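A.B. asks: Attaching a single structure in structure tokens format; questions to follow.
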Amino acid sequence: MIRLTVPDIHPSDVEAVQGVLTSGFLVQGRKVRDFEAALGRYLGVEGVVAVGSGTAALHLALLAAGIGAGDEVLVSDYTFPATANAVIHAGAVPVLVDIEPDSLNMDPEAARECLTARTKAMVLVHAFGRPANLAAFRDLADASGLVLVEDAACALGSEFGSDKCGTVGKAGCFSFHPRKNITTGEGGAIVSGDPAVCEVARSLRSHGARSSGARLYFEAAGFNYRMTEIGAVLGLGQLLRLEDIVERKGRWVAEYRTRLEDMDGVVLLPAVERGRECHQSLIVILDDAVDRNAVIGRMRDLGVETTIGTYALHREPLFQTDYGYRTGQLPQSDRAFRHTLTLPLYPSMTLDEVETVCRALADAIVFCRRGA
């Protein structure tokens, strides 16, 4: 079976993790601080707070930015539910926004149309590592007095123009889940140029504690969102290889594009023009005559693991029951949900594996045409 993704784990990573295990210090210590410093150097920012997941990063970023009960927060409809769930956990109301069909990112004009007197923030997702239009959303945030939080969970290494994704808003949030370009097992980070945001996030990640003198003082009902030393040392080694990981994945994307650009039934997303895409995932769009879910099953039978792109949140029971959305209400996101397919992509792929995936996709499209 050709897997969807394979983390870039080297023997040196295993050795480093073993060193932590024998050290006797396993949670939020020197290795976490080293990881925060290394990530800050890579991104060109000083404020970095490592946490236990990308979801935790989003939650703390919103709380640290003062988002809470009664506030409305614009969220891309086409994203993993964690993005909107973090808004809900902050006590605010997620307002789902349609996407641009070519970028799969939030549509700036659709976002503008969703503004109300209660809108206080937006969470801008860089879908699959494809940089969203940071210039347009920075202008919208400035003009409307909104807090801009970047969900850069998939976008470590991506850039819009000269800006690294995750460094433009009030806070940027990253994930280091195994499907991401670097992994800490589970893990995430908040980056911010606002020291107050980082201070609040550091306290809330560890039960709302602040250190003073000989003991801790608990000033808020915080959380256990700490990163482990094991995850941090794993991430440190991978961060050193990030540029190589992005380059290798980019080479396989180029090979895929050569083989798929003329394949019947497949539409490729346009290449990013203003900046750089880190290629966290490889997404293709199948045409209306192809049953995407059947393609996933057929390719599995042929030994290739695939999956959907991601979710159109307005279709999910939570958002229909609690927030009144209905299926098809956000048409571009709805179509992306029904027709996108994620193909295998990882640094250690081989050309033979790329060709096997493409042959399986061509077979599956013929096999799964509606009415065939």
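The values are calculated or read from the model by the stated rules, or taken from the named source; none is laboratory data. Keep in mind it's a predicted model, so treat the numbers as computed, not measured. For neighbour counting, all protein chains shown are included, and Cβ atoms are generated from backbone atoms with ideal geometry for every residue, glycine included.
A.B. asks: Being closer than 16 Å to residue 47 by Cα, in contact with an Asp or Glu (Cβ under 8 Å, 6 or more places away or on another chain) and not in a loop (DSSP other than H, G, I, E, B) is the filter here, so list the residues in segment 159-210 that pass it.
C.D. replies: Within segment 159-210, 171, 172, 173, 189, 203 qualify.
A.B. asks: Among 156, 115, which is the only one that is in a loop (DSSP other than H, G, I, E, B) and either closer than 30 Å to residue 30 by Cβ or among the basic types (Lys, Arg) (or both)?
C.D. replies: 156
A.B. asks: From the set of residues in segment 210-231 that are surrounded by fewer than 17 Cβ atoms within 10 Å (Cβ to Cβ) and of a type in the set (A, V, I, L, M, F, W, C), which is farthest from residue 280 (Cα to Cα)?
C.D. replies: Within segment 210-231, the match that is farthest from residue 280 (Cα to Cα) is 214.
A.B. asks: Residue 346: of a type outside the set (Lys, Arg) and within 19 Å of residue 82 (Cα to Cα), yes or no?
C.D. replies: Against the criterion (of a type outside the set (Lys, Arg) and within 19 Å of residue 82 (Cα to Cα)), residue 346 does not qualify.
A.B. asks: Now for a separate question. Check segment 166-182 and report whether any residue there is in contact with a Leu (Cβ under 6 Å, 6 or more places away or on another chain), aromatic (Phe, Trp, Tyr) and buried (at least 24 other Cβ atoms within 10 Å of the Cβ).
C.D. replies: Yes.
A.B. asks: Please determine, by comparing only the residues of segment 329-352 that are without any contact (Cβ under 8 Å) to a residue 24 or more places away in the chain and charged (D, E, K, R), which one is surrounded by the fewest Cβ atoms within 10 Å (Cβ to Cβ).
C.D. replies: Filtering first and then ranking leaves 352.
A.B. asks: Being surrounded by fewer than 22 Cβ atoms within 10 Å (Cβ to Cβ) and either part of a loop (DSSP other than H, G, I, E, B) or touching a Cys at 6+ places or on another chain (Cβ under 7 Å) (or both) is the filter here; which residues of segment 295-308 pass it?
C.D. replies: Selection gives 298, 302, 303, 305.
A.B. asks: Scan 91, 129 and give me the residue that is under 29 Å from residue 202 (Cα atoms), surrounded by fewer than 19 Cβ atoms within 10 Å (Cβ to Cβ) and out of contact with any strand residue (DSSP E or B) (no Cβ under 7 Å at 6 or more places or on another chain). First the steps, then the outcome.
C.D. replies: Working: 129 fails: surrounded by fewer than 19 Cβ atoms within 10 Å (Cβ to Cβ).
Residue meeting the stated conditions: 91.
A.B. asks: Could you list, in sequence order, the residues of segment 237-294 that are surrounded by fewer than 17 Cβ atoms within 10 Å (Cβ to Cβ), within 17 Å of residue 104 (Cα to Cα) and over 22 Å from the mean Cα position of the chain (by Cα)?
C.D. replies: Across segment 237-294, the qualifying residues are 267, 287.
A.B. asks: Here's a check for you: in segment 353-372, which residue that is surrounded by fewer than 16 Cβ atoms within 10 Å (Cβ to Cβ) and not in a helix (DSSP H, G or I) is modelled with the highest pLDDT?
C.D. replies: Restricting to residues being surrounded by fewer than 16 Cβ atoms within 10 Å (Cβ to Cβ) and not in a helix (DSSP H, G or I), the top hit is 370.
A.B. asks: Quick one: count up the residues across segment 41-88 that are among the β-branched types (Val, Ile, Thr) and modelled with pLDDT under 95.
C.D. replies: So the count comes out to 0.
A.B. asks: Scan segment 235-251 and give yes if some residue there is among the acidic types (Asp, Glu) and touching a Leu at 6+ places or on another chain (Cβ under 6 Å), otherwise no.
C.D. replies: No, every residue in segment 235-251 fails to be among the acidic types (Asp, Glu) and touching a Leu at 6+ places or on another chain (Cβ under 6 Å).
Each row is one residue, and each column tells you yes or no for (1) out of contact with any Cys (no Cβ under 8 Å at 6 or more places or on another chain); (2) β-branched (Val, Ile, Thr); (3) within 23 Å of residue 48 (Cβ to Cβ).
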position: 123; (1), (2), (3): yes, yes, yes
position: 140; (1), (2), (3): yes, no, no
position: 155; (1), (2), (3): no, no, yes
position: 159; (1), (2), (3): no, no, yes
position: 168; (1), (2), (3): yes, yes, yes
position: 173; (1), (2), (3): yes, no, yes
position: 178; (1), (2), (3): yes, no, yes
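A.B. asks: Continuing with this model, one more query. Output the number of the condition that residue 255 fails; it satisfies all remaining conditions of (1) assigned to a helix (DSSP H, G or I); (2) in the same structural domain as residue 151 (by TED's automatic domain parsing); (3) acidic (Asp, Glu).
C.D. replies: Condition (2) is where residue 255 drops out.
A.B. asks: If you don't mind, another one. Can you say whether residue 326 is more than 20 Å from residue 128 (Cβ to Cβ), surrounded by fewer than 16 Cβ atoms within 10 Å (Cβ to Cβ) and out of contact with any Ser or Thr (no Cβ under 8 Å at 6 or more places or on another chain), as far as the supplied structure shows?
C.D. replies: In short, yes.
A.B. asks: Now, a different point. Within segment 106-126, which residues are buried (at least 24 other Cβ atoms within 10 Å of the Cβ) and not hydrophobic (A, V, I, L, M, F, W, C)?
C.D. replies: If the condition is that a residue be buried (at least 24 other Cβ atoms within 10 Å of the Cβ) and not hydrophobic (A, V, I, L, M, F, W, C), then 126 is the only one that fits.
A.B. asks: Checking residue 234 against (1) part of a loop (DSSP other than H, G, I, E, B); (2) buried (at least 18 other Cβ atoms within 10 Å of the Cβ): exactly one of these is not met. Which one?
C.D. replies: That leaves (1) as the condition not met.
A.B. asks: Next question, about the same structure. Test each condition in (1) in contact (Cβ under 8 Å) with a residue 24 or more places away in the chain; (2) part of a strand (DSSP E or B); (3) farther than 30 Å from residue 5 by Cα for residue 138 and report the one that comes out false.
C.D. replies: All conditions pass for residue 138, except number (2).
A.B. asks: Further question on the same structure: Could you say which residue among 74, 26, 39, 60 is more than 17 Å from residue 187 (Cα to Cα) and either surrounded by 18 or more Cβ atoms within 10 Å (Cβ to Cβ) or not assigned by TED's automatic domain parsing to the domain that holds residue 348 (or both)?
C.D. replies: After ruling out the rest, the residue left standing is 74.
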